[in-house]
1. Hey, can you tell me all the residues within the range 147-163 that are more than 10 Å from the ligand (Cβ to nearest atom) and either under 23 Å from Glu28 (Cβ atoms) or in contact (Cβ under 8 Å) with a residue 24 or more places away in the chain (or both)?
2. Being more than 8 Å from the ligand (Cβ to nearest atom) and not aliphatic (A, V, I, L, M) narrows it down to one of Arg110, Arg90, so name that one.
3. Return yes or no: is Arg24 part of a helix (DSSP H, G or I), away from the ligand (no atom under 12 Å from the Cβ) and not assigned by TED's automatic domain parsing to the domain that holds Glu159?
4. Does the range 260-267 contain any residue that is touching a strand residue (DSSP E or B) at 6+ places or on another chain (Cβ under 7 Å) and not in a helix (DSSP H, G or I)?
5. In the range 168-194, which residues are more than 9 Å from the ligand (Cβ to nearest atom), surrounded by 22 or more Cβ atoms within 10 Å (Cβ to Cβ) and within 26 Å of Leu270 (Cβ to Cβ)?
6. Out of Ala33, Ala18, I need the residue that is among the small types (Gly, Ala, Ser) and touching a Gly at 6+ places or on another chain (Cβ under 8 Å). Which one?
7. Tell me, yes or no, whether the range 249-262 has at least one residue that is buried (at least 16 other Cβ atoms within 10 Å of the Cβ), of a type outside the set (Val, Ile, Thr) and more than 22 Å from the chain's Cα centre (by Cα).
8. Yes or no: Ile102 within 30 Å of Thr203 (Cβ to Cβ), at pLDDT 95 or above and in a loop (DSSP other than H, G, I, E, B)?
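The values are calculated or read from the model by the stated rules, or taken from the named source; none is laboratory data. Bear in mind the structure is a predicted one, so any value in this text is a computation, not a measurement. When we count neighbours, we look across all protein chains shown, and the Cβ atoms used for this are built from the backbone with ideal geometry, even at glycine.
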Amino acid sequence: MQVPAPFDYDRASSVEEAVALLERHGAEARPIAGGHSLLPMMKLRLARPERLVDLNDLTELSYVRTEGEWIAVGAMTRHAQLAASDLLARHYPIFQDAERVIADPVVRNRGTVGGSLCQGDPAEDLCAVVAALGGQVVLRSSGGERVVAARDFYLGPYETVVAPAELVTEVRIPIRPGSGSAYEKVERRPGDWAIAAVGCFVTLAQGSVADCGIGLAAVGANGYCAPQAEAQLRGQPATEESFRAAAEAAAAGCRPQSDQRGPEDYKRDLVRELTRRALRRAAARAMAGGA
Ligand SMILES: Cc1cc2nc3c(=O)[nH]c(=O)nc-3n(C[C@H](O)[C@H](O)[C@H](O)COP(=O)(O)OP(=O)(O)OC[C@H]3O[C@@H](n4cnc5c(N)ncnc54)[C@H](O)[C@@H]3O)c2cc1C
């Protein structure tokens with residue numbers, strides 16, 4: 001049986017206390033949310049924090065609500081809550097699409113949006129969703145709050161801009177009336193990590209794509225997004241031909257790696273096909289009434 005190296009443990013009762021604990025104990029302390037990524041890494045000794053600061057009492061960070069022109073999601077909101085949110089379903093069905101194919105109910109009942117973003121696994125589905133939607137990440141430290149665009153949040157695989165004594169407290173998504181969104185993923189078996197996945201939103205105006213966002217998971221896309229494909233699609237008619245051209249750009253712009261989940265050219269083919277499917281479904285949802 002794999003067991004983690006010894007560690008000390010604190011259970012924070014407020015965001016301020018969590019930040020203070022992280023600051024007091026320095027780089028060797030790590031926050032723990034759902035624990036579904038951090039604990040397996042500790043058991044494999046890939047992570048050896050000397051102290052865990054448990055965030056599970058921070059119910060103040062568990063919400064999905066509108067704030068002005070944004071949907072605000074607290075960092076401790078669980079996958080299952082995202083899946084059950086009527087607000088998200090109404091504005092961004094991409095969340096329900098993605099949550100249906102993330103892991104299993106055990107993981108979804110504990111894993112959090114904050115933990116998913118901070119883990120920064122290249123195949124993390126919510127990273128691609130939030131990148132596609134042009135979300136923002138709110139970070140808190142003893143020095144105050146800062147807001148980072150989700151696309152600038154990652155420095156590389158498993159690496160983010162979060163400083164040692166900083167907590168992610170919220171994810172914000174701009175509300176886009178009339179938009180449609182969708183997520184498409186191919187995995188080896190239900191609940192597995194993606195071989196490749198694509199999420200997108202489109203906003204239509206008089207039959208053309210007024211705005212769009214395309215996010216990619218598991219295929220080596222910088223910041224989980226496909227800016228060339230988005231630029232290709234904006235302003236074009238919402239037709240199969242335009243979706244195909246954007247899908248070509250998404251496939252050309254990513255950098256999948258051959259591994260046990262499949263060869264690089266297969267993953268690129270998946271990106272091409274999944275981008276088309278996601279755009280088609282997002283456009284259909286926008287036409288059907290959208291957000
Ligand atoms: C069997 C299994 C299958 C899975 N399949 C999928 C899948 O198909 N798709 C997918 O996307 N994910 C999958 N996951 C991962 C799952 O989504 C995790 O819940 C998620 O990666 C991490 O969320 P967590 O709350 O458990 O984070 P934790 O494991 O608690 O933390 C992860 C990292 O984030 C840091 N952290 C957590 N919260 C904060 C915060 N608020 N501020 C700063 N740092 C923070 C921690 O210190 C740690 O470094 C799977 C996990 C398992 C165990």
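1. Listed by number, the residues that qualify are Val147, Ala150, Arg151, Asp152, Phe153, Tyr154, Leu155, Gly156, Pro157, Glu159, Val161.
2. Working: Arg110 fails: more than 8 Å from the ligand (Cβ to nearest atom).
So the residue among Arg110, Arg90 that is more than 8 Å from the ligand (Cβ to nearest atom) and not aliphatic (A, V, I, L, M) is Arg90.
3. In short, yes.
4. Yes, the range 260-267 contains a residue that is touching a strand residue (DSSP E or B) at 6+ places or on another chain (Cβ under 7 Å) and not in a helix (DSSP H, G or I).
5. Listed by number, the residues that qualify are Ile173, Ser179, Gly180, Ser181, Ala182, Tyr183, Glu184.
6. Answer to the check: Ala33.
7. Yes; the residues of the range 249-262 include at least one that is buried (at least 16 other Cβ atoms within 10 Å of the Cβ), of a type outside the set (Val, Ile, Thr) and more than 22 Å from the chain's Cα centre (by Cα).
8. So Ile102 passes the test.
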